[in-house]
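This report refers to the structure that appears directly beneath it.
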Amino acid sequence: TLPTDAELISIACGCSRYDIADNWDVRVNGEVICESIYTKDLPEGMYLMAILQLEAGDRIDFYYHADSGVGKQVWVNYQMLKD
């Protein structure tokens with residue numbers, strides 16, 4: 001949940017192990033922003049084609065889908081601009 005107004009410009013994801021079926025989604029206030037982004041064997045990012053205006057209190061949810069049943073660590077980075 002955002003503490004202040006901001007502009008979302010990119011999302012990046014990395015994890016400790018990659019499997020072919022792994023993919024991720026991002027939703028803002030329940031609205032799908034990225035869906036079924038399949039992973040590659042390297043940290044990856046997605047620069048948004050349009051800056052997404054966010055307000056204080058907006059909620060960003062990151063969903064990582066891993067069907068292998070093997071535990072892994074996942075890191076996500078949101079890049080934002082603010083006044």
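A few remarks follow.
- Gap separating the Cα centres of region 59-83 and region 1-31, nearest whole Å: 5 Å
- Annotation note: GluC sites (Glu not before Pro) in region 20-83 located in DSSP loop regions with a Cβ neighbour count of at most 11 within 10 Å are GLU55.
- Each other residue within a Cβ distance under 13 Å of ARG27 adds +1 if Lys or Arg and -1 if Asp or Glu, for a net charge of -4.
- Solvent-accessible area per residue in the chain equals 65 Å², computed with a 1.4 angstrom probe and all protein chains kept.
- The trypsin sites (Lys or Arg not before Pro) of the chain that meet both conditions, a loop assignment by DSSP and at most 12 other Cβ atoms within 10 Å of the site Cβ, are ARG59, LYS82.
- Sequence of MET49, MET80 when ordered by accessible area, the most exposed leading, probe 1.4 angstrom: MET49, MET80
- What a 1.4 Å probe finds exposed on the chain is 50% carbon and sulfur by accessible area, rounded to a whole percent.
- Distance-filtered residues of region 24-41 - backbone nitrogen under 18 Å, label point 7 angstrom along TYR64 Cα→Cβ: 24-27, 34-41
The values are calculated or read from the model by the stated rules, or taken from the named source; none is laboratory data. As the structure is a computational prediction, the values presented were derived from the model and not from experiment. In this analysis, Cβ positions are derived from the backbone assuming ideal geometry, glycine residues included, and neighbour counts consider all displayed protein chains. To get the accessible areas, we keep the full protein, side chains included, count just its heavy atoms, and leave off ligands, DNA and RNA. Shrake-Rupley method; radii C 1.70, N 1.55, O 1.52, S 1.80 Å.
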